[in-house]
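The values are calculated or read from the model by the stated rules, or taken from the named source; none is laboratory data. Quantities reported herein were computed from a predicted structural model and do not represent experimental measurements. Ideal geometry is used to build each Cβ from the backbone, glycine not excepted, and the neighbour counts take in all protein chains shown. For the accessible areas, the whole protein counts, side chains as well, though only heavy atoms, and no ligand, DNA or RNA atoms are used. Shrake-Rupley method; radii C 1.70, N 1.55, O 1.52, S 1.80 Å.
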Amino acid sequence: MAADIVTRPFYAKVEAEKSRISADKLAKILFEHDVDVAYFYQLLRPTYISKQKKIESNLNSKMEQAFNRGKIDEIESCYQEILSQSHSKILKLRAMISVANLKDELKQVDPQIKADLLVEFNDEQNWMTNPESLRLFTNTMPLWHQESLAFFINRLLARAKNNKNPSELEQERYLRIFENYLSICYDRKLTPKQFQTAHIKEIIDFIMDSKPTIHFLLYKIACLYLKNLLSGNREGAQNIRNEMKKYGYEDLIQTWPK
């Protein structure tokens, strides 16, 4: 493991927790042995993040799993946990908007919240580079009028296209947002004029042109499904649903629009 990057006696002290290793030396060792840096980071994370951050992370994961299953009682239970345990204003807001959306109660959301969100997302340098803000944008998209939503999406699409070497994590954030956007456009039954200004073709092209990795395959399948729905090809969309069920992904497609 030392790989002539550090001495063997020094590396032994590091393993025995009697000495510390510098970040640059550690990076060299990881790359020398082809260790997956993202996996290594996940191993480190529980050791170094704060207790409250662990709580927030667990609540976030629990919320996403509940929404993927689409069960209202489970989602509302998770929402109450977030209200009582989380210190994150953004996480509470994301959960509140998501619950209101599922219960068709978006019209009851405080107008001041909408005004605050408008200020947040007009700060181009903040929300498009901050993971928490991107998650907030994803969950609050149903609140926006179509014209405003299309405007913000076009901004994000331009930034995504200009990012010539995104990490897989960054690219996945873009794909998740754009997939949710296509679902919203379908649910809203856009007028021909709205459809023309919604950047739908550009979004579909971006998703389908993303890296051909196994990790992104489900995003591309969902994109093809939504493309069929948006173009009125319900038979094609149903064929994709049937194939997903056949291969054991029935739970995954429960939240797909029909």
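Within region 243-256, the set of residues being part of a loop (DSSP other than H, G, I, E, B) and open to solvent by 70 Å² or more (accessible area, probe 1.4 Å) comprises Tyr247, Tyr249, Glu250, Asp251. Tyr174: part of a helix (DSSP H, G or I) and among the aromatic types (Phe, Trp, Tyr), yes or no? Yes: the conditions hold for Tyr174.
Is it the case that region 85-93 has a residue that's exposed (fewer than 15 other Cβ atoms within 10 Å of the Cβ), aliphatic (A, V, I, L, M) and either within 19 Å of the chain's Cα centre (by Cα) or part of a helix (DSSP H, G or I) (or both)? Before the answer, list the steps.
Within region 85-93, the first condition is being exposed (fewer than 15 other Cβ atoms within 10 Å of the Cβ), and the residues that meet it are 85, 87, 89.
Next cut, aliphatic (A, V, I, L, M) only: none.
No: zero hits.
Residues of region 35-71 that are under 26 Å from Trp256 (Cβ atoms) and open to solvent by less than 70 Å² (accessible area, probe 1.4 Å): Leu59, Asn60, Ser61, Met63, Ala66, Phe67, Gly70.
So that you can scan it fast, the table gives a plain yes or no per residue for (1) at pLDDT 95 or above; (2) out of contact with any Pro (no Cβ under 9 Å at 6 or more places or on another chain); (3) within 17 Å of Ile200 (Cβ to Cβ):
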site	(1), (2), (3)
Phe216	no, yes, no
Leu226	yes, no, yes
Leu229	yes, no, yes
Asn233	yes, yes, yes
Gly236	yes, yes, yes
Ile240	yes, yes, no
Lys245	no, yes, no
Glu250	no, yes, no
Ile253	no, yes, no
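When Ser167, Ser148 are screened for being open to solvent by 20 Å² or more (accessible area, probe 1.4 Å), more than 18 Å from the chain's Cα centre (by Cα) and of a type in the set (Gly, Ala, Ser), only Ser148 passes.
Within region 219-231, can you find the residues that are open to solvent by 20 Å² or more (accessible area, probe 1.4 Å) and either of a type in the set (A, V, I, L, M, F, W, C) or in a loop (DSSP other than H, G, I, E, B) (or both)? It would help to see each step written out before you state the result.
Restricting attention to region 219-231, the residues satisfying the condition of being open to solvent by 20 Å² or more (accessible area, probe 1.4 Å) are 219-221, 224, 227-228, 230-231.
Within region 219-231, Ile221, Leu224, Leu230, Ser231 qualify.
Hey, can you tell me all the residues within region 1-29 that are part of a loop (DSSP other than H, G, I, E, B) and either under 27 Å from Ser167 (Cβ atoms) or open to solvent by 60 Å² or more (accessible area, probe 1.4 Å) (or both)? Those that are part of a loop (DSSP other than H, G, I, E, B) and either under 27 Å from Ser167 (Cβ atoms) or open to solvent by 60 Å² or more (accessible area, probe 1.4 Å) (or both): Met1, Ala3, Asp4, Ile5, Thr7, Glu17, Lys18, Arg20, Ile21, Ser22.
Of note, Glu32 satisfies the criterion of being more than 30 Å from Asp104 (Cα to Cα), acidic (Asp, Glu) and surrounded by 10 or more Cβ atoms within 10 Å (Cβ to Cβ). Would you confirm, using the coordinates I've provided, whether Ile240 is touching a helix residue (DSSP H, G or I) at 6+ places or on another chain (Cβ under 7 Å), β-branched (Val, Ile, Thr), closer than 21 Å to Tyr174 by Cα and surrounded by 14 or more Cβ atoms within 10 Å (Cβ to Cβ)? So Ile240 fails the test. None of Phe206, Phe216 is more than 22 Å from Glu147 (Cα to Cα), open to solvent by less than 70 Å² (accessible area, probe 1.4 Å) and either touching a residue at least 40 places away in the same chain (Cβ under 8 Å) or acidic (Asp, Glu) (or both) except Phe216. For the list (1) in a helix (DSSP H, G or I); (2) open to solvent by 90 Å² or more (accessible area, probe 1.4 Å); (3) modelled with pLDDT under 85, I need the number of the one condition that Asp104 fails. Only one criterion in (1) in a helix (DSSP H, G or I); (2) open to solvent by 90 Å² or more (accessible area, probe 1.4 Å); (3) modelled with pLDDT under 85 is unmet by Asp104, namely (1).
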